[in-house]
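*Asks:* Sharing a structure, written as structure tokens. Questions coming.
The values are calculated or read from the model by the stated rules, or taken from the named source; none is laboratory data. Predicted model, so just to flag it, every value in this text is computed and none were measured. Here the Cβ positions follow ideal geometry from the backbone for every residue, glycine too, while neighbour counts run over all protein chains shown.
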Amino acid sequence: MVRNPVASDLFREAVKCYHAGAYRASVVAAWTACSIDIILKLRELELTGDKAAKKRLGEYDSARSKNDIPKLLEFERNLLDMACDEFELITTQEREDLSRLLSDRHRCAHTTLLDTDEPYLPTPEQVRAHLRAVAESVLIHPPVQGKAAMRRLLDEVNSDYFPKRSEDAMIILRAGPLERPRRALLRNYLVVLIKCLLRYENDIPIRRWKCFAAALGAVKEMYPDLFVSIIQTELPDLTTSLSDEQLVFLLSLVVWYPDLLPKISEAAKLKLESYISAMLIDEVAVSAIARGIRIPELKDMIISRISIMNINELATALASQNVAELSTEDAVINRAIELFHTVSSYVTANNMLDKVMTILLPHLNRNQLESLLNTIAESPDYRNAYSTPSFLSQLRSIIGEEDFIKECQKRQLDKQFPALFPPPEAYHEYNDIPF
């Protein structure tokens, strides 16, 4: 729980004193653990090149080497302000809580500060509150919080080497400020990620989209309860006034993380539905379609969009990296067959055969294959298309030589494409084999 072993030992000592009823000793040890941990965090920041940390530690080390007690006391008095205002290691509220600890530490350690001759004795409840404040405000957190932590997190996700898988992103993020983040840091990071995913800033390269999505997924896995709480609060406002250009990225976001869909604003849901019905089919949209068709809330909308795709749009979809998912979808196959039967030129026929049907052919059933053969036999556009012979050869390898010849002869395709068929004397019925 406590990051630094030195601070951990001191904190354990404070806890032991508390359990033994030595409350004054517990308060003194708790403050010692707190102050040592802050100083050690400054040491870590110094190693990362933080000039402010280097300057402050220089002052501290100089006073310590000279045994300059007034300077050391001044450093201790200013330690919480320094941690809060200069390095953002603690929040303003946490500074107030820890200031009460420092005040109680003085009353426990210095009897000359008391107004009476009776020594100050904190109550068990006060000591527990101090121990909790030290642990939760200081000891468990990495040395980077606030603006510095945000800068580091954004530098990481903008790196060319940031992973595109959530599982890998978790390893990176756990090694940095998100090891034990404050809610404010997590909230700010999620808001920035979502703004990047929704393309609030047009100068962010689209190629970075998957990195931001991986980071979002990593946070979702690392802190699921906080993630849901923050998203429920922030996402409606972030999705209320999206431009038309941003809707494709909203669609991509909700198909990557479907549980975000109920949390977007109602206005965004209506715009998203309208967008899907008429969206431009490009690489980003195709990726969203491939994922979204498996999401119950989006399935009907996406199937409706597929049902009005033209040949070029189908070709774009099947030429993408999502071809494995889309080529087996009934909606895609049905639309392709529908378009196959309505071609009106041999150029269109070539495009249909080359860019659509050759990809879908292995996934068609027997009735669908026979309907394609019927159309090829009846349509001069397919009979004259240069791609038809290679398409028929592919079909032969799928249904088998004997069935292929039989089905083609039934439609007189053997006369239309004689090069694909050996002369009759090359055939041998199985019952003619002499054994």
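*Asks:* Note down all Cβ pairs under 7 Å where the first residue falls in the range 160-182 and is under 19 Å from residue 207 (Cα atoms), the second is of a type in the set (Asp, Glu) and surrounded by fewer than 19 Cβ atoms within 10 Å (Cβ to Cβ), and they're at least six residues apart or on different chains.
*Replies:* 166/221
*Asks:* A further question on this structure: Taking the criterion of being in contact (Cβ under 8 Å) with a residue 24 or more places away in the chain, closer than 30 Å to residue 123 by Cα, among the acidic types (Asp, Glu) and surrounded by fewer than 18 Cβ atoms within 10 Å (Cβ to Cβ), would at least one residue in the range 59-75 satisfy it?
*Replies:* The answer is no, given that none of the residues of the range 59-75 is in contact (Cβ under 8 Å) with a residue 24 or more places away in the chain, closer than 30 Å to residue 123 by Cα, among the acidic types (Asp, Glu) and surrounded by fewer than 18 Cβ atoms within 10 Å (Cβ to Cβ).
*Asks:* For residue 287, indicate whether it is surrounded by 14 or more Cβ atoms within 10 Å (Cβ to Cβ) and polar (S, T, N, Q).
*Replies:* Values: surrounded by 14 or more Cβ atoms within 10 Å (Cβ to Cβ): yes; polar (S, T, N, Q): yes.
Criteria met by residue 287.
*Asks:* Looking only at the range 92-101, filter to residues that are surrounded by fewer than 18 Cβ atoms within 10 Å (Cβ to Cβ) and either in contact with a strand residue (DSSP E or B) (Cβ under 9 Å, 6 or more places away or on another chain) or not basic (Lys, Arg) (or both); which one of those is farthest from residue 134 (Cα to Cα)?
*Replies:* Across the range 92-101, the extreme among qualifying residues is 92.
*Asks:* Can you say whether residue 2 is within 23 Å of residue 124 (Cβ to Cβ) and within 33 Å of the chain's Cα centre (by Cα), as far as the supplied structure shows?
*Replies:* Yes, satisfied.
*Asks:* Using the structure shown, decide if residue 14 is touching a His at 6+ places or on another chain (Cβ under 9 Å) and either farther than 17 Å from residue 79 by Cβ or in a helix (DSSP H, G or I) (or both).
*Replies:* yes
*Asks:* When the range 166-183 is examined, which residues are found to be surrounded by 14 or more Cβ atoms within 10 Å (Cβ to Cβ) and touching a helix residue (DSSP H, G or I) at 6+ places or on another chain (Cβ under 9 Å)?
*Replies:* Passing the criteria: 166, 169, 170, 172, 173, 176, 177, 178, 179, 181, 182.
*Asks:* So how many residues does the range 235-257 have that are without any contact (Cβ under 8 Å) to a residue 40 or more places away in the chain and of a type outside the set (Asp, Glu)?
*Replies:* Within the range 235-257, residues that are without any contact (Cβ under 8 Å) to a residue 40 or more places away in the chain and of a type outside the set (Asp, Glu) number 5.
*Asks:* Let me ask another. Of everything in the range 264-278, what is surrounded by 13 or more Cβ atoms within 10 Å (Cβ to Cβ) and of a type in the set (A, V, I, L, M)? Give them in sequence order.
*Replies:* 264, 267, 268, 272, 276
*Asks:* Ok, one more. Need pairs with beta-carbon distance below 6 Å; first residue more than 12 Å from residue 376 (Cβ to Cβ) and not assigned by the TED database to the domain that holds residue 369 and within the range 342-358, second surrounded by 18 or more Cβ atoms within 10 Å (Cβ to Cβ) and modelled with pLDDT of 95 or more; sequence gap 6+ or separate chains.
*Replies:* Close Cβ pairs (under 6 Å, with a partner that is surrounded by 18 or more Cβ atoms within 10 Å (Cβ to Cβ) and modelled with pLDDT of 95 or more) do not exist here.
*Asks:* Let me ask you something else. Anything in the range 60-70 that is out of contact with any Phe, Trp or Tyr (no Cβ under 7 Å at 6 or more places or on another chain) and assigned to a helix (DSSP H, G or I)? List them, or say none. Give the derivation first.
*Replies:* First pass over the range 60-70, keeping only residues out of contact with any Phe, Trp or Tyr (no Cβ under 7 Å at 6 or more places or on another chain): 61-62, 64-70.
Once the filter is applied, which keeps residues that are out of contact with any Phe, Trp or Tyr (no Cβ under 7 Å at 6 or more places or on another chain) and assigned to a helix (DSSP H, G or I), the range 60-70 yields 61, 62, 64, 65, 69, 70.
Yes/no per residue for (1) modelled with pLDDT of 95 or more; (2) crowded, with 19+ Cβ neighbours inside 10 Å; (3) under 30 Å from residue 288 (Cα atoms):
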| position | (1), (2), (3) |
| --- | --- |
| 318 | no, yes, yes |
| 321 | no, no, yes |
| 340 | yes, yes, yes |
| 346 | no, no, no |
| 362 | no, no, yes |
| 383 | no, no, no |
| 397 | no, no, no |
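*Asks:* Would you confirm whether any residue within the range 121-133 is crowded, with 18+ Cβ neighbours inside 10 Å, within 22 Å of residue 179 (Cα to Cα), over 33 Å from the mean Cα position of the chain (by Cα) and of a type outside the set (Phe, Trp, Tyr)?
*Replies:* Among the residues of the range 121-133, at least one is crowded, with 18+ Cβ neighbours inside 10 Å, within 22 Å of residue 179 (Cα to Cα), over 33 Å from the mean Cα position of the chain (by Cα) and of a type outside the set (Phe, Trp, Tyr), which makes the answer yes.
*Asks:* Considering only residues that are under 18 Å from residue 134 (Cβ atoms) and of a type in the set (Asp, Glu), which ones fall in the range 64-87?
*Replies:* 76, 81
So that you can scan it fast, the table gives a plain yes or no per residue for (1) among the aliphatic types (A, V, I, L, M); (2) surrounded by 15 or more Cβ atoms within 10 Å (Cβ to Cβ):
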site: 44; (1), (2): no, yes
site: 53; (1), (2): yes, yes
site: 79; (1), (2): yes, yes
site: 103; (1), (2): no, no
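*Asks:* Here are some residues: 100, 105, 43, 24. Which one is in a helix (DSSP H, G or I), closer than 20 Å to residue 4 by Cβ and over 36 Å from the mean Cα position of the chain (by Cα)?
*Replies:* Just a single option satisfies the conditions, and that option is 105.
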